[in-house]
Amino acid sequence: MKKKLYKVMDLLEFEKENNVEVSVIERDMRMEAYTGSRYYATIENAEIGGDGILCSVHGNSNSVSGALKAYAREISRTTLVVDAYKETRRTINVPILTYEAHADDEERE
């Protein structure tokens, strides 16, 4: 029996290696009340591809580092489609992503 092994990588290393930008956005208070999370992390113009559909995903949390960690978990072991409807479309096979809090997390907003 063969097992497929996945590479493990830090989210910020993945960001640099694949020329994408992970953003953390603070929600306005109305949406925060609705979602229960102050922040969300995402890669602009990137969606998860699978089974013939594209889905937008993001990581939610009440802290910047928590949103980044949640986003890393959401996109791990998926196919990320960047610029899906443009000539610059590309796909990225995402490894298992991890994220550890950094001192400059609050500056990523």
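The values are calculated or read from the model by the stated rules, or taken from the named source; none is laboratory data. Please read all numbers here as calculations on a predicted model, not as lab measurements. Cβ sites come from the backbone with ideal geometry, for glycine too, and all protein chains shown count toward neighbours.
Evaluate the following for Arg77: is it within 15 Å of the chain's Cα centre (by Cα) and either at pLDDT below 95 or among the basic types (Lys, Arg) (or both)? Criteria met by Arg77. Restricting attention to segment 54-75, and to residues there that are part of a loop (DSSP other than H, G, I, E, B) and of a type in the set (Ser, Thr, Tyr), which single residue is surrounded by the most Cβ atoms within 10 Å (Cβ to Cβ)? Only one residue fits best here, namely Ser63. If you go through segment 27-53 and keep only what is surrounded by 14 or more Cβ atoms within 10 Å (Cβ to Cβ) and assigned to a strand (DSSP E or B), you end up with Tyr39, Tyr40, Ala41, Thr42, Ile43, Ala46, Glu47, Ile48, Gly49. Report every pair of residues separated by at least 6 positions or lying on different chains whose Cβ atoms are under 9 Å apart, first residue within segment 26-55 and touching a residue at least 24 places away in the same chain (Cβ under 8 Å), second surrounded by 11 or more Cβ atoms within 10 Å (Cβ to Cβ) and among the basic types (Lys, Arg). Partner pairs satisfying both residue conditions: Glu26/Arg38; Thr35/Arg27; Ser37/Arg27; Arg38/Arg27; Tyr39/Arg27; Tyr40/Arg27; Ala41/Lys69; Ala41/Arg108.
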